[in-house]
1. Give me a comma-separated list of calculated 3J(HN,Hα) values for segment 140-150, in order, Karplus coefficients 6.51, -1.76, 1.60 applied at θ = phi - 60°, integers in Hz, x for any Gly or Pro.
2. For the chain, what is the calculated [θ] at 222 nm in deg cm²/dmol (nearest 500), taking -39500 (n - 2.57) for each run of four or more DSSP H residues and dividing by its residue count?
3. What residue among Leu260, Ala70, Phe143 has its Cα farthest toward the positive end of the dipole of the chain, where the charges are +1 on Lys, Arg and -1 on Asp, Glu, each on the Cβ?
4. Collect residues whose amide H, placed 1.01 Å from N in the peptide plane, falls under 5 Å from the amide H of Met219; neighbours closer than 5 in sequence don't count.
5. Counting alpha carbon pairs within less than 8 Å and at least 6 residues apart, what relative contact order, in whole percent, applies to the chain?
6. So what's the projected area for segment 1-125, the Cα convex hull averaged over all directions, in nm²?
7. Only Cα pairs under 8 Å and at least 6 apart count here; give the relative contact order of segment 151-305 as a rounded whole percent.
8. Viscosity 1.306 mPa s, temperature 10 °C: give me the Stokes-Einstein translational D for the chain in µm²/s, with Rh taken as the Kirkwood radius over C-alpha pairs.
Amino acid sequence: MARKFDHLSDVEVLLSVIEHGSFSAAAVVLSTTASVLSRAISRLEHRLGAQLLRRSTRSLSLTDAGRRYADEVRAAFAQIEQAERTIRSTTVQLSGKVRMSVPTSYGQQRLPPLLAAYARTFPLVELEVDISNRNVDLVAEGFDLAIRSGPIPSSSMVARPLEVSPLCLVAAPDYLEAAGPLGGLADLARQRCIAFIRPSTGRVIPWHLRDDGRDIDWMPPAAVTVATDVMGVVWLAEQGMGIALCPRLFVEESLAAGRLAEVLPGLGGRTRTFSLVYPAHRSLSAASRALIDMLVAGHAQAGAA
């Protein structure tokens with residue numbers, strides 16, 4: 001069977017001549033001569049039965065037919081390029097190593113199914129996941145990316161938001177039955193509160209609440225404090241040791257199972273943002289970029305569900 005598109009090299013010559021403005025300039029780029037390119041355009045015009053270029057000793061311009069044809073073939077070549085990118089993205093076997101730092105809370109609640117999907121898609125990539133509440137130095141310690149909560153103060157980091165989780169007050173049903181009705185902030189101040197100690201300061205972290213439409217940072221009267229792992233706050237609350245404040249994503253399963261119940265929803269309304277961060281000035285590997293894309297897309301799909 002005869003080839004239908006054996007003239008595509010002539011079409012590419014046309015686009016190159018248009019792009020560079022002359023036969024001589026295009027010839028330099030294509031490592032050939034202006035006369036060779038001129039013959040290619042002539043063959044193409046003969047095939048189409050239409051003049052595409054107006055040639056003179058001083059100028060070169062497109063005819064109306066040439067302009068329409070150039071627009072159409074550019075679009076066709078763009079489609080071919082997109083098809084090739086799509087196939088390459090699904091067939092290229094990425095390899096290498098990605099080092100990632102994740103806090104224990106997020107590592108337990110959100111990350112495992114997304115990392116499992118990544119590992120199935122790119123089985124040759126070695127994943128090293130540091131799941132701890134140590135605030136690692138990505139650059140100094142050689143990590144490619146990390147998941148962090150709250151504001152990202154460093155301008156040397158790129159932050160890609162993954163999830164914004166509402167903060168909520170929770171306690172075990174047995175605790176709430178013994179505590180009796182709770183009406184507001186004044187009642188909360190008389191309860192046993194389970195607070196978390198900020199690792200960097202050694203001090204209790206204020207509770208971010210909203211009272212009568214005002215954002216307040218309220219210091220809980222901490223009957224129990226937890227250090228290092230914020231999930232300890234949740235586990236102790238489940239045992240009836242007091243009231244805790246935490247992102248809802250940490251307690252979704254406990255609320256659904258009845259191990260915890262929400263307390264004073266009128267004091268809610270504040271949120272905690274979880275972001276994927278990586279150094280702004282470091283060249284990321286293809287494996288790291290693929291993981292970033294998959295994590296961002298995975299959280300977007302979960303949010304839309």
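1. For segment 140-150, the Karplus curve yields 5, 9, x, 8, 7, 7, 8, 10, 10, 10, x Hz.
2. My calculation for the chain gives -12500 deg cm²/dmol from helical runs alone.
3. Selected residue: Ala70.
4. It is Trp207, by chain and number.
5. It comes to 20 percent, rounded to a whole number.
6. Averaged projected area of segment 1-125's Cα convex hull equals 13.6 nm².
7. Over segment 151-305, the number comes to 39 percent.
8. This corresponds to a translational diffusion coefficient of 65 µm²/s.
The values are calculated or read from the model by the stated rules, or taken from the named source; none is laboratory data. Computed from a prediction, not measured in an experiment: that's the story for all the values here. Cβ coordinates were reconstructed from backbone atoms using ideal geometry, including for glycine residues, and neighbour counts include every protein chain displayed. Quick note on the areas: whole protein, heavy atoms, side chains included, nothing else; ligands and nucleic acids left out. Shrake-Rupley method; radii C 1.70, N 1.55, O 1.52, S 1.80 Å.
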